[in-house]
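Encoded as structure tokens, the structure appears first; notes follow it.
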Amino acid sequence: MPLVKQKLLAIVAILTTALVWGLMWYPFRALNERSVSIAQTSLLVYLIAAMLGIALFFDVYRRQLRWHPVLPLLALLFGWCNFSYTWAVSEGMVMRVLLLFYLSPLWTALFSRLLLQEKLTRTGWLLVGLSLAGCLTILYRPGLLDGAAMLSQRYEWLALSGGISFALGNVLSKRARNLPVPVKSATIWFGVALMGFVALASRQQLGAVLETSAQAWLLLALLGMTLLATSIISQHGVSLLPASQTMTLMLLELVFAALSAYWLAGERMNLQEWLGGALIAAASLLSGKMTQPVAVQEKT
């Protein structure tokens, strides 16, 4: 296939990924409103995705699967990242959740400095300030300077912690660069399913899985297949496009989420949130210029 067509398909793949994640909040919220909890949905959807993925790519896993000490940590971090995100959008404003989550480049820069010894560039320090300014703009409320809590809602804490988990997981995944992508993907799926299982078990609600209606099972299966397909096509796009172009296209997730939240849930952002969101989006767009790796000296 000509390179131009390959890149065009890669762009379509990333746009599709952005669209899916910009709309993913809706079926999770709809199921939650029909008494299928976020924990139950997370357990079943990601378990379905994991089982289908292993079945479809069994030969790949058989050849490439190997143990690495970082795998349990990746499962916990990415598991909480996805679980907290879906929990947050099920009860909070979709765009507020996404914008707090999109602070992840800030956390990525800090974790990269601590764990990978990557130094922040001058542009990086500017973008850290830009991210923080966006965050403060969104979260500011009257009385904040007098000691009022900056994060007053549970979904805000969930979104923020999910972004931090996502950033730390990405840094650790980069550190374990020799791990095959399919192995990392399966680790994420099982990690989210584990979070759902633990949440249900802690509330003694595991029996609710057996009470899931046939209609809910159909939607859960469709969601599982969608997540699997999205993982596959996104890897195709990422492998062919420059990181900066990928990040630019993925920011359209914010646009898709804003439009869907407005049309499907009647949610509107005020001017303060638009301004904060613009600052965070700008920082995310330029996040590839935040750090520079430490030079490795060759042995002579």
Do any helices (runs of 4 or more DSSP H) lying entirely in the stretch 86-191 carry at least 2 residues that are surrounded by fewer than 22 Cβ atoms within 10 Å (Cβ to Cβ), and which ones are they? 104-115, 122-139, 154-175
Is at least one residue of the stretch 135-145 on the phi < 0 side of the Ramachandran plot and in contact with an Asp or Glu (Cβ under 7 Å, 6 or more places away or on another chain)? yes
Scan the stretch 247-269 and report the pairs whose first residue is polar (S, T, N, Q) and whose second residue is open to solvent by less than 40 Å² (accessible area, probe 1.4 Å), with Cβ atoms within less than 7 Å and a gap of 6+ or a chain change. S260/G22
Would you call L194 crowded, with 17+ Cβ neighbours inside 10 Å, in a helix (DSSP H, G or I) and of a type outside the set (S, T, Y)? yes
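Rundown of residues vs (1) at pLDDT 85 or above; (2) under 26 Å from L110 (Cα atoms), yes/no style:
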residue: P142; (1), (2): no, no
residue: G147; (1), (2): no, no
residue: W157; (1), (2): yes, yes
residue: L160; (1), (2): yes, yes
residue: L172; (1), (2): yes, yes
residue: L179; (1), (2): no, yes
residue: T187; (1), (2): yes, yes
residue: G196; (1), (2): yes, no
Could you grab me the full set of residues in the stretch 30-54 that are closer than 23 Å to A257 by Cα and surrounded by fewer than 18 Cβ atoms within 10 Å (Cβ to Cβ)? A30, E33, R34
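The values are calculated or read from the model by the stated rules, or taken from the named source; none is laboratory data. Every value quoted in this text rests on a predicted model; they were computed, and no experiment measured them. Note that each Cβ is placed from the backbone with ideal geometry, even for glycine, and that neighbours are counted across all protein chains shown. Remember, those area values only see protein heavy atoms, side chains included, never the ligands or the DNA or RNA. Shrake-Rupley method; radii C 1.70, N 1.55, O 1.52, S 1.80 Å.
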